[in-house]
Amino acid sequence: MEEGFVDCHCHISAREFEEVGTKLTKQCVAIVNRAFWVHLVAPCFGIHPLQVGGGSEQHSVKPQDLDAALPHFYKHRERLVGIGEIGLDFTPWCAPTQQDKDDQMAVFIKQLSVAKELELPVNVHSRSAAKVTIETMREQGISRALLHNFAGKPSVALEGVKAGYLISFPPAVCRNQQRDKLIKQIPLEHICLETDSPALGLEKHVRNEPCNIVLSCRYIADVKGVSPETVRLVTAQNAYRLFPKANRR
Ligand SMILES: [Zn+2]
């Protein structure tokens, strides 16, 4: 395992992951219990800042969404290798009001405190909220975090690096050169690989899969001028440093 690729952030039960509560947790646990997967898949559990309910529109998370899920963190604490996907998404059409932002913040902070209590790292989403996400985690005393699909400014990313956080990039980085500067500036020792399957693949509307991790590996290697083997090895070591329970499986 140590020398393979580690996909630090993917949603292998995507449809179910849009729901909150028992069904979600059951699905998560059922997948990791399947014999074939047991040594390959390490579960994280968390309430995303954006939820889908009723129609297909995404809406900002509400504190009651977390209340319903809270017991499951404790019930499955032994199996979980991290808390996530949690975070902040202040994209204007996702969180149009200050109340939406406040609710997201309350849900995020509560889950950071659960992570501290259970001594687990966090797997974090931030969109249009990179700076405030990092600041919040620092204020809350979080020392182990993955900033997934980070697309903030390099200077903000380096604040995260200073706090000891890791940053992961999906195959979608290969779509254009927008994040080359970011990838160049972040030391390889702070980079992880992810796919965010089924989203964030090379092509927008094609289902992404964990095997595409090789694409972000090659891309990062190209941008940094090192070999893909180096990126694979160092990012796997980084992943196991951040999620040590995933390495004891
Ligand atoms: Zn995700």
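A short reminder: the numbers here are calculations on the coordinates, not readings from a lab. All values derive from a computational prediction rather than experimental measurement. Methodologically, a virtual Cβ is constructed for each residue, glycine included, from the backbone with ideal geometry; neighbour enumeration extends over all protein chains shown.
Summary table
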item	result
Nonlocal amide H pairs with H9, under 5 Å, H built at 1.01 Å	T195, D196
GluC sites (Glu not before Pro) restricted to segment 74-120 and DSSP loop, no more than 12 other C-beta within 10 Å	E78, E119
Sites K110 and E189, calculated FRET efficiency, Cβ-Cβ separation with R0 25 Å, nearest 0.05	0.25
Amide H contacts under 5 Å for S168, placed H, 5+ residues apart	L147, H148, N149, F150, C192
The chain: DSSP helices with Cα axial extent of at least 15 Å and average Kyte-Doolittle hydropathy no lower than 0.0	22-33, 213-224
